[in-house]
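A.B. asks: This is the structure I have questions about; it appears just below.
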Amino acid sequence: MTPGRGPGFAPLAFVKDDAYLLSLRALAARPAEEFAVEVVTPHLAVTLVGAASTSSAAAVRTLSMLPGHEARVRTWLAPVRKRAGANPFAHMVTLGRAPNNDLCLEHPNVSKFHAYLRREGAGWALVDARSLNGTWVNGERLAPERAAALKDGDEVRLGEGVFLRYLEPPGLYRHLRCA
């Protein structure tokens, strides 16, 4: 493992039985132009170290770390978008341990409301929501409430044990084609 980088980065070893991943892989079998028409939303490749999931991560958009399981590294894909009825924060896609987040990450090192993504121009930015264990982008810790513009392939860490890779549709296509 490269110092300062999580185990989920390069290459991405996706959970094989995830129905959402299977549908994305089917789309990635098409030419890139067709994929780009169907998949317009950026995605997060989410890796929880020591994690297991009680159900399909894509179905409920909740990733869990269950006590008593041996260390595992699993990676799921989650689209960057609001979850209907999750919370009243229309201008942000929230990340955290609480069930009202848009992407719920049940991991002991993730705060209830850890960070959020927001639109900035044509792209997305990540903001640490004053989390206890911190948020990093490409190895640099974010100051609380300060935005960091994300670009395709950026590596994000939430506390210890939760690693994300931000993938714009072209980057997602490349990863799905080589996974």
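A.B. asks: Pairs under 6 Å by beta carbon, first residue over 16 Å from LEU126 (Cβ atoms) and aliphatic (A, V, I, L, M) in the stretch 75-92, partner part of a loop (DSSP other than H, G, I, E, B) and open to solvent by 10 Å² or more (accessible area, probe 1.4 Å), six or more apart or different chains?
C.D. replies: Once the first residue is over 16 Å from LEU126 (Cβ atoms) and aliphatic (A, V, I, L, M) and sits in the stretch 75-92, its partners that are part of a loop (DSSP other than H, G, I, E, B) and open to solvent by 10 Å² or more (accessible area, probe 1.4 Å) give ALA86/ASN100.
A.B. asks: Looking at LEU126 and the list (1) in a loop (DSSP other than H, G, I, E, B); (2) buried (at least 21 other Cβ atoms within 10 Å of the Cβ), which single condition is not satisfied?
C.D. replies: (1)
A.B. asks: Scan the stretch 1-45 for residues that are of a type in the set (Phe, Trp, Tyr) and modelled with pLDDT under 95 and jot them down.
C.D. replies: PHE9, PHE14, TYR20
A.B. asks: Which ones in the stretch 83-120 are open to solvent by 10 Å² or more (accessible area, probe 1.4 Å), among the charged types (D, E, K, R) and part of a loop (DSSP other than H, G, I, E, B)?
C.D. replies: Scanning the stretch 83-120 gives ARG83, ARG97, LYS112.
A.B. asks: Of the numbered conditions (1) over 19 Å from ARG119 (Cα atoms); (2) open to solvent by 30 Å² or more (accessible area, probe 1.4 Å); (3) within 14 Å of the chain's Cα centre (by Cα), GLY139 fails exactly one; give the number of that condition.
C.D. replies: (3)
The values are calculated or read from the model by the stated rules, or taken from the named source; none is laboratory data. Keep in mind that this is a model prediction, so the values were computed, not measured. When we count neighbours, we look across all protein chains shown, and the Cβ atoms used for this are built from the backbone with ideal geometry, even at glycine. The protein model used for the area step is the full one, side chains on, heavy atoms only, and it has no ligands, DNA or RNA in it. Shrake-Rupley method; radii C 1.70, N 1.55, O 1.52, S 1.80 Å.
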